[in-house]
Amino acid sequence: MPELPEVETIRLGLQKYLVGHKIESVEVKVPKLFEGAPKDIVGARVTDVRRFGKGLVIDLSNGKSLAIHIKLTGQLIFRDEKTSKLPVSEEKVGTLPSTATHIIFHLDKGATLYYNDRRRFGWIRAVNTSKVSEIPFFKNMGPEPFKDLTLEVFENLIKRSNTAIKPYIMDQTRIGGIGNIYANDALWLSDIDPRRKAKTLTGAEIKKLYDAVLSVMEKSLKFGGASELNFVNVLGQEGSYQNHSLVYGREGQKCQKNDGGTIKKFFLGGRGTYCCEEHQK
């Protein structure tokens, strides 16, 4: 599932290309993916795009907002006269619209915003802007990196949990935005075994992990996110963090820290987990 860097990459793209456009009509091909009345947003202009962990909010000029969770395979792709000339990922997008295109926002100036979702797990909800924070997915979101997850908050959370550290930092109600890829890489970078009980970490280890979370996410933003599955940016282009991961997806390879270790894969909390047991303790 796309994590904070991927969703932030989408947000930045929407901020650049979508803000200022007016919604002229909405074409909903799969009703279960769109909640609310499309007529409530027709005629409104996009004023801002916000992100809450792995969720997006598109604010409109009429007091309405589009709350969005793309989940596993959702894509938001913008097209206008200029961007239509840019190539999209043939593998992950193909043509526009495609059989995976379920919602189409027709905008002014000949622009279009496509919502694609091969697995149909995502959702878009038209709600009053004042009610966005009441949506359970946003309301229950924990503090997130680069926003309200300070080192002090992070340390207080870690110290009181007896859960294994990797699934704990992936719990969106505890910490928002951290998923499997960046949890693996941050724990590798901070030399911590993913199976360690959270409350056993020392103050120095907690700070090291905190810094590592920020570091791997900043690196991913630099590379436009990870396109391991269906993720693309708003122009339909793939990110490349998957080619620069530290430990994720490197089962059987030599550890990049040159400690003589080999990356092992096992499952923890139902998720594929990568670890070098030579230096992750």
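The values are calculated or read from the model by the stated rules, or taken from the named source; none is laboratory data. All figures in this text were calculated on a predicted structure; none of them were measured in a lab. Note that each Cβ is placed from the backbone with ideal geometry, even for glycine, and that neighbours are counted across all protein chains shown.
Scan 10, 23 and give me the residue that is within 24 Å of residue 221 (Cα to Cα), of a type in the set (Val, Ile, Thr) and not in a loop (DSSP other than H, G, I, E, B).
10
Condition test on residue 191, is it modelled with pLDDT of 95 or more and on the phi > 0 side of the Ramachandran plot?
On the way: modelled with pLDDT of 95 or more: yes; on the phi > 0 side of the Ramachandran plot: yes.
Taking the combined requirement at face value, the residue satisfies it.
For residues that are within 30 Å of residue 131 (Cβ to Cβ) and either polar (S, T, N, Q) or part of a strand (DSSP E or B) (or both), tally how many sit in region 80-105.
The qualifying residues number 5.
Scan region 109-118 and give yes if some residue there is buried (at least 20 other Cβ atoms within 10 Å of the Cβ) and over 19 Å from residue 44 (Cβ atoms), otherwise no.
yes
Within region 148-232, which helices (runs of 4 or more DSSP H) (wholly inside it) include 2 or more residues that are over 23 Å from residue 137 (Cβ atoms)?
Where helices (runs of 4 or more DSSP H) fall fully within region 148-232 and carry at least 2 residues being over 23 Å from residue 137 (Cβ atoms), they are 151-159, 180-189, 203-222.
Let me spell it out: the conditions are (1) under 14 Å from the mean Cα position of the chain (by Cα); (2) crowded, with 16+ Cβ neighbours inside 10 Å; (3) not basic (Lys, Arg), and residue 229 meets all of them except one. Which number is the exception?
Unmet condition: (2).
Exactly one of these conditions fails for residue 124: (1) in the same structural domain as residue 68 (by TED's automatic domain parsing); (2) among the hydrophobic types (A, V, I, L, M, F, W, C); (3) surrounded by fewer than 21 Cβ atoms within 10 Å (Cβ to Cβ). Give me its number.
(3)
Given the criteria β-branched (Val, Ile, Thr), surrounded by fewer than 19 Cβ atoms within 10 Å (Cβ to Cβ) and in contact with a Phe, Trp or Tyr (Cβ under 8 Å, 6 or more places away or on another chain), does residue 28 qualify? Full working, then the answer.
On the way: β-branched (Val, Ile, Thr): yes; surrounded by fewer than 19 Cβ atoms within 10 Å (Cβ to Cβ): yes; in contact with a Phe, Trp or Tyr (Cβ under 8 Å, 6 or more places away or on another chain): yes.
When the stated conditions are applied, residue 28 passes them.
For residues in region 59-78 being in a strand (DSSP E or B) and of a type in the set (D, E, K, R), which is surrounded by the most Cβ atoms within 10 Å (Cβ to Cβ)?
The qualifying residue surrounded by the most Cβ atoms within 10 Å (Cβ to Cβ) is 64.
For the condition without any contact (Cβ under 8 Å) to a residue 40 or more places away in the chain, surrounded by fewer than 18 Cβ atoms within 10 Å (Cβ to Cβ) and on the phi > 0 side of the Ramachandran plot, what is the one hit in 94, 36?
On inspection, the qualifying residue turns out to be 94.
Which one of 242, 256, 237 is assigned to a helix (DSSP H, G or I) and not aliphatic (A, V, I, L, M)?
Residue meeting the stated conditions: 242.
Could you check residue 138 against (1) surrounded by 20 or more Cβ atoms within 10 Å (Cβ to Cβ); (2) over 17 Å from residue 15 (Cβ atoms) and say which number it fails?
Going through (1) surrounded by 20 or more Cβ atoms within 10 Å (Cβ to Cβ); (2) over 17 Å from residue 15 (Cβ atoms) one by one, residue 138 breaks only (1).
In region 1-25, which residues are surrounded by fewer than 18 Cβ atoms within 10 Å (Cβ to Cβ) and touching a strand residue (DSSP E or B) at 6+ places or on another chain (Cβ under 7 Å)?
Listed by number, the residues that qualify are 15, 19, 20, 22, 24, 25.
Would you confirm whether or not region 150-163 contains a residue that is at pLDDT 95 or above and under 17 Å from the mean Cα position of the chain (by Cα)?
no
What tally of residues in region 106-146 results from selecting those that are touching a helix residue (DSSP H, G or I) at 6+ places or on another chain (Cβ under 7 Å), assigned to a helix (DSSP H, G or I) and among the basic types (Lys, Arg)?
1
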